[in-house]
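Notes follow the structure.
The values are calculated or read from the model by the stated rules, or taken from the named source; none is laboratory data. Everything numeric here is computed off the predicted structure, so don't read it as measured data. As a convention, Cβ positions derive from the backbone with ideal geometry for all residues, glycine included, and neighbour counts pool all protein chains shown. Areas reflect the complete protein model, heavy atoms only, side chains present, ligands, DNA and RNA absent. Shrake-Rupley method; radii C 1.70, N 1.55, O 1.52, S 1.80 Å.
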Amino acid sequence: MAYETILVETRGRVGLITLNRPKALNALNSKVLEEVVAAAEAFDENAKVGAIVITGSEKAFAAGADIKEMQPKTYIEAYMEDFFADWERLTRIRKPVIAAVAGYALGGGCELAMMCDFILAADNAKFGQPEITLGVMPGMGGSQRLTRFVGKSKAMEMCLTGRMMDALEAERSGLVSRVVPAGELIEEALKVAGKIAEFSLPAVMMVKETVNRSYEMTLAEGLRFERRVFHSMFALADQKEGMAAFTEKRSAQFRNR
Ligand SMILES: CC(C)=CC(=O)SCCNC(=O)CCNC(=O)[C@H](O)C(C)(C)COP(=O)(O)OP(=O)(O)OC[C@H]1O[C@@H](n2cnc3c(N)ncnc32)[C@H](O)[C@@H]1OP(=O)(O)O
């Protein structure tokens, strides 16, 4: 497939999606949505890919949903199109998706990063939900996901004031897993994704599914779900291989079975 707004490549076993609308600071319009989701779904189907990285430029991961595209929309258009609903398809990707964020991750950009499984931030990253300054509110999950990541008080302050958070505050608050120097962001993201891609793919996918359940279940239900999935892993050839490799003091050769 030929893409207009993103660059798509594989690096080893990692699928890399780079947002590529530099003149608009990677603002997320309908084309970007269609292409990012299609590329991620194609990587999810590709047996040679074990993990996916989504990134932007050094100046902007994405400065938000495209304000110029949104500005003329009427209520009935937004409602009937279920505007932004297709972004949820990204959360149904079964392989791990890592957001590598440098520069601005604002509004929909911050929300896109939060749809990923974890966020690696460059030291120049800035996160924010400035929709209130435009007379609206987050619409791609920010009011819900940001609150779960950083707690009510900080999420409420950010959504009500539009204040941006720098990378260190984002790390302290639990929004990002780690901060790295901007010049090393992509290499580090590819390294982490590459490491994940070396493990047993079914085991990796079960870990992702189980951690995500913690957002949707009570603790008791989540613990039961975890135990059932853990038990099911004893049906994997990769469990036999992983444990045999440990006892035989050699590296495991996972076959994704
Ligand atoms: C409403 C929902 C549900 C979600 C949203 O995401 S709303 C959007 C939230 N994001 C914002 O409000 C941020 C908007 N952008 C900015 O405030 C600034 O661009 C900046 C602080 C990120 C960077 O400022 P800087 O002075 O460095 O760059 P600009 O000259 O302002 O921008 C360069 C170029 O990009 C266009 N741009 C930036 N952001 C967007 C956007 N979200 N949508 C569409 N276009 C955007 C900006 O207009 C300019 O292009 P032009 O010179 O052609 O106008």
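Is it the case that E157 is within 16 Å of the chain's Cα centre (by Cα), part of a helix (DSSP H, G or I) and farther than 16 Å from G15 by Cα? If you could, list the steps in order and put the result at the bottom.
On the way: within 16 Å of the chain's Cα centre (by Cα): no; part of a helix (DSSP H, G or I): yes; farther than 16 Å from G15 by Cα: yes.
Judged against the criteria, E157 is not a match.
Sort through A38, A27 and tell me the only one that's of a type in the set (A, V, I, L, M) and within 12 Å of the ligand (Cβ to nearest atom). Spell out how you get there, then give the answer.
Values: A38 fails: within 12 Å of the ligand (Cβ to nearest atom).
It is A27.
For the stretch 124-138, enumerate the residues that are buried (at least 18 other Cβ atoms within 10 Å of the Cβ) and either within 12 Å of the ligand (Cβ to nearest atom) or under 14 Å from the mean Cα position of the chain (by Cα) (or both).
K126, F127, G128, Q129, P130, E131, P138, listed by residue number.
So in the stretch 145-160, with the set limited to residues that are open to solvent by 80 Å² or more (accessible area, probe 1.4 Å) and farther than 25 Å from A189 by Cβ, which one is nearest to the ligand (Cβ to nearest atom)?
Quick first cut of the stretch 145-160, residues open to solvent by 80 Å² or more (accessible area, probe 1.4 Å) only: 148, 152-153, 156, 160.
With the extra rule that they be farther than 25 Å from A189 by Cβ, the set shrinks to 152-153, 156, 160.
Working: K152: 20, S153: 22, M156: 17, L160: 15 Å.
Within the stretch 145-160, the match that is nearest to the ligand (Cβ to nearest atom) is L160.
Any chance the stretch 191-206 includes a residue that's touching a residue at least 12 places away in the same chain (Cβ under 8 Å), within 26 Å of A63 (Cα to Cα) and open to solvent by less than 60 Å² (accessible area, probe 1.4 Å)?
Checking the stretch 191-206: at least one residue is touching a residue at least 12 places away in the same chain (Cβ under 8 Å), within 26 Å of A63 (Cα to Cα) and open to solvent by less than 60 Å² (accessible area, probe 1.4 Å).
Name the single residue that is surrounded by the fewest Cβ atoms within 10 Å (Cβ to Cβ) among those in the stretch 72-123 being assigned to a loop (DSSP other than H, G, I, E, B) and within 12 Å of the ligand (Cβ to nearest atom). Reasoning before the result, please.
If we filter the stretch 72-123 for residues that are assigned to a loop (DSSP other than H, G, I, E, B), which is where we start, we get 72-74, 82-84, 93-96, 102-103, 107, 116-117, 123.
Next, only the ones that are within 12 Å of the ligand (Cβ to nearest atom) stay: 73, 83-84, 103, 107.
Working: K73: 12, F83: 18, F84: 19, G103: 21, G107: 28.
So the residue we want is K73.
Test of understanding: among V8, V14, which residue is under 30 Å from E198 (Cβ atoms), away from the ligand (no atom under 16 Å from the Cβ), open to solvent by less than 10 Å² (accessible area, probe 1.4 Å) and touching a helix residue (DSSP H, G or I) at 6+ places or on another chain (Cβ under 7 Å)? Give the derivation first.
Numbers: V8 fails: open to solvent by less than 10 Å² (accessible area, probe 1.4 Å).
Among V8, V14, only V14 is under 30 Å from E198 (Cβ atoms), away from the ligand (no atom under 16 Å from the Cβ), open to solvent by less than 10 Å² (accessible area, probe 1.4 Å) and touching a helix residue (DSSP H, G or I) at 6+ places or on another chain (Cβ under 7 Å).
Condition check: surrounded by fewer than 16 Cβ atoms within 10 Å (Cβ to Cβ), under 22 Å from I98 (Cβ atoms), of a type in the set (S, T, Y) and in contact with a Leu (Cβ under 8 Å, 6 or more places away or on another chain). Does S177 satisfy that?
On the way: surrounded by fewer than 16 Cβ atoms within 10 Å (Cβ to Cβ): yes; under 22 Å from I98 (Cβ atoms): yes; of a type in the set (S, T, Y): yes; in contact with a Leu (Cβ under 8 Å, 6 or more places away or on another chain): yes.
Against the criterion (surrounded by fewer than 16 Cβ atoms within 10 Å (Cβ to Cβ), under 22 Å from I98 (Cβ atoms), of a type in the set (S, T, Y) and in contact with a Leu (Cβ under 8 Å, 6 or more places away or on another chain)), S177 qualifies.
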